[in-house]
1. In the chain, which longest range has no trypsin sites (Lys or Arg not before Pro) that are both DSSP loop (not H, G, I, E or B) and surrounded by at most 12 other Cβ atoms within 10 Å?
2. Is the shape of the stretch 174-285 best called rounded, prolate or oblate, per the rule: a/c under 1.5 gives rounded, else a/b larger than b/c gives prolate, else oblate, with a ≥ b ≥ c the square roots of the Cα gyration tensor eigenvalues?
3. Just want the ordering: Trp509, Trp18, from fewest to most Cβ atoms lying within 10 Å of their own Cβ.
4. Students often get this wrong, so try it: which of (i) 24.1, 78; (ii) 30.7, 120; (iii) 24.0, 86 is Rg and Dmax of the Cα atoms in Å as calculated from the structure shown?
5. Determine, from the Cβ-Cβ distance of Asp155 and Asp379 and an R0 of 56 Å, the FRET efficiency 1/(1 + (r/R0)^6), rounded to the nearest 0.05.
6. Any idea how far apart Lys481 and Lys45 come out in nm if each label point goes 7 Å out from Cα toward Cβ?
7. Let me know the shape class of the stretch 17-164, please: from the alpha-carbon gyration tensor, a ≥ b ≥ c as square roots of the eigenvalues, rounded when a/c is under 1.5, otherwise prolate if a/b is greater than b/c, or oblate.
8. Cα-Cα pairs above 23 Å in the stretch 257-345: how many percent?
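Each value in this text was obtained by applying a stated rule to the coordinates, not by laboratory testing. It should be emphasised that the depicted structure is a prediction, and the values quoted were computed from it without experimental measurement. So basically every Cβ, Gly included, is an ideal-geometry build from the backbone, and we count neighbours across all protein chains shown.
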Amino acid sequence: MSLPDRNNPYNFNDFLEWRRNVDYYRDDLFIQKALKHYTGDDFEKVDAAARSVSEKASFRWRDLSERMAQPEKRPYMMHYDGHHNRIDRIVRPGETEILEKEVFSEAIFSEKTPPWVKLIKMFLIYQNGEACIACPLTCTEGLVMLLEKYADSEDTKSILRHCKEGRDGDYAIGAQYLSEIQGGSDVPANLLEAVEEDGVWKLYGTKFFCSATHADYAVITAKPAGSEKVALFVFPSWLPGNKEKEIRNNFTIDRIKWKLGTSELTTGELTFNGTVAYPVGPMDRGVANVVGIVLTYSRLTVGLSAAAFMTRAVREAKKYAEFRDAFGVTIEQFPLVYENISRLEKVAERTTASSLKVYREFLSLGGGLNTSLAADEADDLKKKRFDVRELIMLYKITTAWDSTELIHEAMSIFGGHGVMEDFSALPRLYRDSAVNELWEGPRNVLLTQIYRDMKRVADWYDPAEFVRNILEGADRATVEKLEKEIKELMGYSDMYDMNPQTIDIWRRWDLLCAELFHTYQDIALYEIEHCIEGRS
């Protein structure tokens with residue numbers, strides 16, 4: 001019986017007190033078990049690093065992320081100073097600058113930071129959303145890995161040192177500028193021009209989607225004058241001595257875009273007018289190095305951040321269901337709510353498990369995807385590199401899609417509070433996740449690329465064998481069903497002929513790719529739950 005009470009005593013204090021005190025790593029037994037399984041003898045060191053960074057990510061960095069996300073703190077441009085000098089200053093809240101400095105001071109890309117320590121640090125940091133951190137981190141990682149392979153001048157070596165080990169306590173931030181107005185994923189269609197003038201390369205033209213616009217350095221695609229081939233360059237945002245004077249390296253930030261999500265991170269439109277840049281790698285292999293190195297790390301981060309977003313969303317939704325009561329019981333006791341949370345918890349765990357499994361596969365390659373394969377490379381290693389390349393694309397599109405769907409469902413557990421920006425982080429994670437779906441290749445583009453890759457290698461790698469290799473440990477009936485489906489779809493003669501049959505084939509291809517990776521995720525989760533050693 002409920003009588004009227006003008007001083008309604010209801011409050012959320014118990015739920016909020018729990019949320020304030022959650023430690024992302026210490027209180028997550030699943031990630032501890034998963035990490036122990038995949039890191040083996042290195043677990044003690046990785047575990048200690050995780051506990052240390054989690055004490056920052058779960059509390060101070062969480063609070064900074066929440067405060068900087070307020071609408072009135074959205075970044076904006078100041079194009080000119082008081083003396084009419086063009087400065088293109090990106091004005092960001094103090095919380096963003098503090099968080100950025102503290103996170104990058106973790107020296108995540110230093111020689112002293114082992115790969116698994118780097119991964120778990122990023123996973124815990126990403127539980128706070130994009131927060132003007134996730135994109136800069138992965139862009140810096142891609143820049144570091146690119147320069148690790150190709151830095152061959154004092155300029156590029158200096159940039160590499162600044163990103164990896166810092167300079168007087170300052171760790172550089174990287175970005176990657178690939179997209180132009182005519183298309184983002186169609187990198188070969190880029191028109192930005194690179195001209196060698198008196199031994200110095202300079203850039204001329206425009207880029208249309210430039211995230212982490214505040215970065216110190218950026219990887220950029222451009223075509224050398226008179227060439228149809230895309231080359232890769234890296235350029236500093238300011239030439240030596242000019243950052244303090246706010247004199248940019250001969251480019252302008254024309255405007256900052258208004259985005260659905262990742263709002264704390266600026267994405268701009270840039271015009272280059274003689275920007276000094278340094279070539280990186282062979283001038284005719286820009287596209288290959290973008291895909292094989294830069295985009296590979298970005299796609300790995302999309303998957304890892306999806307796992308992190310899901311983990312936080314499910315954790316908070318589950319606890320809220322235990323707290324919130326309706327009709328005399330807590331809502332967790334409603335069968336539909338119980339089933340919903342149980343299913344979402346499994347999706348989050350299998351996504352995290354697959355993040356670790358894919359990363360282990362990637363690390364096992366040694367040289368990464370190796371965009372310039374040796375002609376005499378052994379067939380089994382050649383196939384393994386192909387497996388990992390396709391797994392990373394499947395990982396990106398599947399986890400990004402699942403993340404948005406999962407957070408949407410998790411928000412529903414909160415009822416009307418689920419869409420309130422000041423009630424929880426879930427609406428912000430939802431918007432960030434929607435952006436991740438499109439970042440580094442939308443679903444339709446990557447599905448098409450996977451199909452083209454399969455066709456390209458069909459003379460030496462049977463698609464059914466690919467299915468067997470990536471799904472080692474899966475139920476035999478499931479594998480045989482997927483083998484049959486992929487062989488049938490790959491046997492279709494013209495996947496680009498616009499007719500009802502072709503459209504249906506592509507629909508089935510989409511479903512097949514989702515089932516392939518969900519099965520891979522189930523294997524990864526099973527390995528952890530039963531402590532089974534997987535293929536390496």
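1. 246-536
2. oblate
3. Trp18, Trp509
4. (iii)
5. Calculated value: 0.90.
6. In this crude label model, Lys481 to Lys45 measures out at 4.3 nm.
7. oblate
8. The calculated P(r) of the stretch 257-345 puts 58 percent of pairs beyond 23 Å.
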